[in-house]
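**Q** The following block contains the structure, expressed as structure tokens.
The values are calculated or read from the model by the stated rules, or taken from the named source; none is laboratory data. This structure is a prediction, so every number in the text was calculated from the model and none was measured. Positions of Cβ are backbone-derived with ideal geometry, glycine not excepted, and every protein chain shown enters the neighbour counts.
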Amino acid sequence: MMLRPKLVLASASPRRLALLEQAGITPEALRPATIDESVTKGEVPRHIVRRLARAKAEAARRLVRAEPEFEKAFVLAADTVVAVGRRVLGKAELEHEAGDALRMLRGRAHRVQTAICLLTPDDKWRERVVETRVRFRNLSDEEIGAYLASGEWRGKAGGYAIQGIAGAFVVKLIGSYTNVVGLPLTETVAMLQGAGYPVTLQWLSRAEVETE
């Protein structure tokens, strides 16, 4: 067990960490990367998330490869966007941004795309983009105002967090629910296993701890 390869999560997102832990995977370190997340005019959502996830992984790689403890670690990064057509709704930092996004999303369908990017200890890349389609019911202005007052929208792509109050807005979801939260678990676990990361050993280790 001491020889098990280490995993570094290139994110400061508590949601992504919680999702990994839900899947029985606990990274040995967090190395969030500060990158330029500006979007190029005309860039399609799929390209945006793929580019940003890779940039986060590359930035984290530069950090961990200088640390002897993690120089042979797996590095996992992800990026999520909400899109209506070709229009990307970024992370809402101001209340009016979240309000504009919610008024655009109400009563219609949108897409949530997450790119997951994995860098293996031998510097090989694995990447995948996962898409979920979500439809909101027709929210009233009063509901939008109350949701904004809740503060749950802060820092969330599209101005909402499906794992909170906004779960009551959804009338239809096609695809991965955890993708909308911020990390598609089925695809992430499959990618880690395919790259040789021993996911099930973490499950066994957890079982041993719980039975002690």
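**Q** Condition first: in contact (Cβ under 8 Å) with a residue 60 or more places away in the chain and in a helix (DSSP H, G or I). Now tell me which residues in the range 170-199 satisfy that.
**A** Thr178, Asn179, Val180, Val181, Leu185, Glu187, Thr188, Val189, Met191, Leu192, Gly194, Val199
**Q** Criterion first (over 17 Å from the mean Cα position of the chain (by Cα), among the β-branched types (Val, Ile, Thr) and within 26 Å of Ser11 (Cα to Cα)) does Val199 satisfy it?
**A** It is true that Val199 is over 17 Å from the mean Cα position of the chain (by Cα), among the β-branched types (Val, Ile, Thr) and within 26 Å of Ser11 (Cα to Cα).
**Q** What number goes with the only condition from (1) among the acidic types (Asp, Glu); (2) touching a Ser or Thr at 6+ places or on another chain (Cβ under 9 Å); (3) within 22 Å of Gly196 (Cβ to Cβ) that Asp79 does not pass?
**A** Among (1) among the acidic types (Asp, Glu); (2) touching a Ser or Thr at 6+ places or on another chain (Cβ under 9 Å); (3) within 22 Å of Gly196 (Cβ to Cβ), the lone unmet condition for Asp79 is (3).
**Q** Given the residues Leu9, Leu52, which is the only one that is over 17 Å from Leu192 (Cβ atoms), surrounded by 15 or more Cβ atoms within 10 Å (Cβ to Cβ), under 14 Å from the mean Cα position of the chain (by Cα) and of a type in the set (A, V, I, L, M, F, W, C)?
**A** Leu52
**Q** Turning to a different aspect of this structure: Pairs needed: first member in the range 12-27, within 14 Å of Pro198 (Cβ to Cβ); second member anywhere, among the β-branched types (Val, Ile, Thr) and in a helix (DSSP H, G or I); C-beta distance under 7 Å; at least 6 residues apart or different chains.
**A** If the second residue must be among the β-branched types (Val, Ile, Thr) and in a helix (DSSP H, G or I), the pairs left are Ala23/Val189; Ile25/Val199.
**Q** Just one of (1) within 29 Å of Leu7 (Cα to Cα); (2) in a strand (DSSP E or B); (3) β-branched (Val, Ile, Thr) trips up Val88, so point out which.
**A** Against the list (1) within 29 Å of Leu7 (Cα to Cα); (2) in a strand (DSSP E or B); (3) β-branched (Val, Ile, Thr), Val88 comes up short only on (1).
**Q** I want to confirm something. Restricting to the range 91-105 and keeping residues that are small (Gly, Ala, Ser) and part of a helix (DSSP H, G or I), which single residue is farthest from Gly158 (Cα to Cα)?
**A** So, considering only residues that are small (Gly, Ala, Ser) and part of a helix (DSSP H, G or I), the one farthest from Gly158 (Cα to Cα) is Gly99.
**Q** Suppose the filter is of a type in the set (A, V, I, L, M) and within 20 Å of the chain's Cα centre (by Cα); does Ala146 pass it?
**A** It is false that Ala146 is of a type in the set (A, V, I, L, M) and within 20 Å of the chain's Cα centre (by Cα).
**Q** Need the failing condition index for Val134 against (1) closer than 17 Å to Thr80 by Cα; (2) β-branched (Val, Ile, Thr); (3) outside any strand (DSSP E or B), just the number.
**A** (3)
**Q** Among what's in the range 68-84 and is in contact with a Lys or Arg (Cβ under 9 Å, 6 or more places away or on another chain) and surrounded by fewer than 17 Cβ atoms within 10 Å (Cβ to Cβ), pick the residue that is nearest to Leu139 (Cα to Cα).
**A** Restricting to residues being in contact with a Lys or Arg (Cβ under 9 Å, 6 or more places away or on another chain) and surrounded by fewer than 17 Cβ atoms within 10 Å (Cβ to Cβ), the top hit is Val84.
**Q** Kindly indicate the residue of the range 24-73 that is out of contact with any Gly (no Cβ under 9 Å at 6 or more places or on another chain) and acidic (Asp, Glu) and also modelled with the lowest pLDDT among those meeting that condition.
**A** Asp36
**Q** Looking only at the range 107-131, count how many residues are farther than 17 Å from Ala10 by Cβ and outside any strand (DSSP E or B).
**A** Matching residues across the range 107-131 total 3.
For (1) crowded, with 17+ Cβ neighbours inside 10 Å; (2) touching a helix residue (DSSP H, G or I) at 6+ places or on another chain (Cβ under 8 Å), each residue gets a yes or a no:
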position	(1), (2)
Thr120	yes, no
Trp125	no, yes
Trp153	yes, yes
Thr188	yes, yes
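**Q** Also: Do you know which of the residues in the range 92-118 that are of a type in the set (Lys, Arg) and surrounded by 15 or more Cβ atoms within 10 Å (Cβ to Cβ) is nearest to the chain's Cα centre (by Cα)?
**A** Here the answer is Arg111.
**Q** Which condition number in (1) within 24 Å of Ser176 (Cα to Cα); (2) among the aliphatic types (A, V, I, L, M); (3) without any contact (Cβ under 8 Å) to a residue 24 or more places away in the chain is the one that Leu94 fails?
**A** The failed condition is (1).
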